[in-house]
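The values are calculated or read from the model by the stated rules, or taken from the named source; none is laboratory data. Owing to the predicted nature of the structure, the values given are computational and were not obtained by experimental measurement. Cβ sites come from the backbone with ideal geometry, for glycine too, and all protein chains shown count toward neighbours. Just so you know, the surface numbers come from the protein's heavy atoms only, side chains and all, with ligands and any DNA or RNA stripped out. Shrake-Rupley method; radii C 1.70, N 1.55, O 1.52, S 1.80 Å.
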Amino acid sequence: MAKVDFSLENVQKCICKTCPVQADSACVKEKQMKVKEMMPKIMAGEMKPNPEMIPGLYCARGKASCPDIDVSKMCQCNECPLWKEYDLPSGEPMGYYCRDGAAK
Ligand code: SF4
Ligand code: SF4
C-alpha cells in the first residue's frame, strides 16, 4: 500500500465530505465553510491547503481534530476512489481514519 498524498486532487476525490460520521458535526461544518471561502485562492495557487483546515482526507493526514464526529455511523471509505487507487484495504486501519489515524 502506497502512502496517500495530501494533495488538492485527493482532497477533491475524498468522500468524507458526505459521510454520515461528519454530517452533524458543527465543527466540521465550520471548517467546510472556511474551505469553501478559501477554495478560489487554493485553486489559483495563492494558498496551499493546510491539513488542519480540511475536514477530510484522514487516510493521509491522520485523526480528525473535530471532537463532535459520530463514529457510531458507517464509514464510507470503501466507496471512495482512493480506496482502490492506493489499495487501502491491504493497509491499516481499515477505514475510520478520522478516528484511528492515517493509513499505513
Ligand atoms: S479513503 Fe476515506 S479518508 Fe481517504 S480520501 Fe477516501 S473517503 Fe477520505
Ligand atoms: S474516514 Fe471514513 S468514517 Fe471518517 S469521515 Fe471519512 S468516510 Fe467517514
With DNA, RNA and ligands ignored, accessible area of Met43 (1.4 Å probe; Å², nearest 10): 110
Under 28 Å from the Cα of Lys84 - lysines, other chains or at least 8 residues apart: Lys3, Lys13, Lys17, Lys29, Lys31, Lys36, Lys48, Lys63, Lys73, Lys104
Residue-normalised accessible area of the range 8-99, expressed per residue, 1.4 Å probe, Å²: 59
Global geometry of the chain, whether rounded, prolate or oblate, following the gyration tensor of its Cα atoms and the 1.5 cut on a/c: oblate
Residue-by-residue Karplus 3J(HN,Hα) for the range 29-34, coefficients 6.51, -1.76, 1.60, Hz, glycine and proline x: 4, 4, 5, 4, 4, 5
Fraction of accessible area attributable to carbon and sulfur, the range 8-99 (%, probe 1.4 Å): 57
Sequence of Met94, Met1 from largest to smallest accessible area, 1.4 Å probe: Met94, Met1
Accessible-area value, Asp100, 1.4 Å probe, nucleic acids and ligands omitted, Å²: 70
Residues Ala26 and Lys3, FRET efficiency given R0 of 30 Å [Cβ-Cβ distance, rounded to 0.05]: 0.45
Accessible area (Å², 1.4 Å probe, nearest 10) - Tyr96: 40
Point-charge dipole on Cβ atoms (K/R +1, D/E -1) for the chain, about Cα centre, debye to 20: 140
